[in-house]
1. Of the conditions (1) under 23 Å from His10 (Cβ atoms); (2) out of contact with any Phe, Trp or Tyr (no Cβ under 7 Å at 6 or more places or on another chain), Tyr72 clears all except one; give me its number.
2. Checking Gln119 against (1) within 30 Å of Leu53 (Cβ to Cβ); (2) modelled with pLDDT under 95, which single condition isn't satisfied?
3. Looking at segment 6-27, which of its residues are more than 16 Å from Leu67 (Cβ to Cβ) and in contact with a helix residue (DSSP H, G or I) (Cβ under 6 Å, 6 or more places away or on another chain)?
4. Is it the case that some residue within segment 86-103 is part of a strand (DSSP E or B), of a type in the set (Asp, Glu) and touching a Lys or Arg at 6+ places or on another chain (Cβ under 7 Å)?
Amino acid sequence: MNTEAGNLEHIRRYLRALEAGEVGDRLAPFFTENAMQVEFPNRLNPSGQESDLSHILERSIQGEGMLSSQRYQVRTEIAQGNRVAVEANWVGVLAIPLGGLPAGFEMKAHFAMFFEMDQGRIASQHNYDCFEPWPVSADDS
């Protein structure tokens, strides 16, 4: 398997792991030890956020139990050298009430994710998350 095909497969496995609810140390093998993740401002995280590997894993543990399920429908994926870009539709079903949204609510978003790979693992991830509107009465702003 060439580098680009291997990198695409790694990202597919990563998204499947997220769908399966993997958190913490179970996600660590997807990343390099010096990995950085940048989440650009969005409705759930208005200030955006930068995370190193320990923070990525910590955030995944903190989020465990918030969703009863999540799924990614990849619309477009492309690899060029050590770069991978993915456009995906995401649906997350809340396991608990969140900011006025009831448990069972389906949150929907359109994600653009850009990865830099190093020896087949994620060295950096940039997320541009665009959430679909939800009921105004449920808005926590």
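The values are calculated or read from the model by the stated rules, or taken from the named source; none is laboratory data. Since we're looking at a predicted model, the values are computed, not measured. Note that we place each Cβ from the backbone using ideal geometry, even for glycine, and neighbour counts take in every protein chain shown.
1. Every condition holds for Tyr72 apart from (2).
2. All conditions pass for Gln119, except number (2).
3. Tyr14 - this is the single residue of segment 6-27 that is more than 16 Å from Leu67 (Cβ to Cβ) and in contact with a helix residue (DSSP H, G or I) (Cβ under 6 Å, 6 or more places away or on another chain).
4. As a first pass, look at segment 86-103 and keep what is part of a strand (DSSP E or B): 86-94, 98, 101.
Retained after the next criterion (residues that are of a type in the set (Asp, Glu)): 87.
Right, trim to touching a Lys or Arg at 6+ places or on another chain (Cβ under 7 Å) and you get 87.
The answer is yes; a qualifying residue exists.
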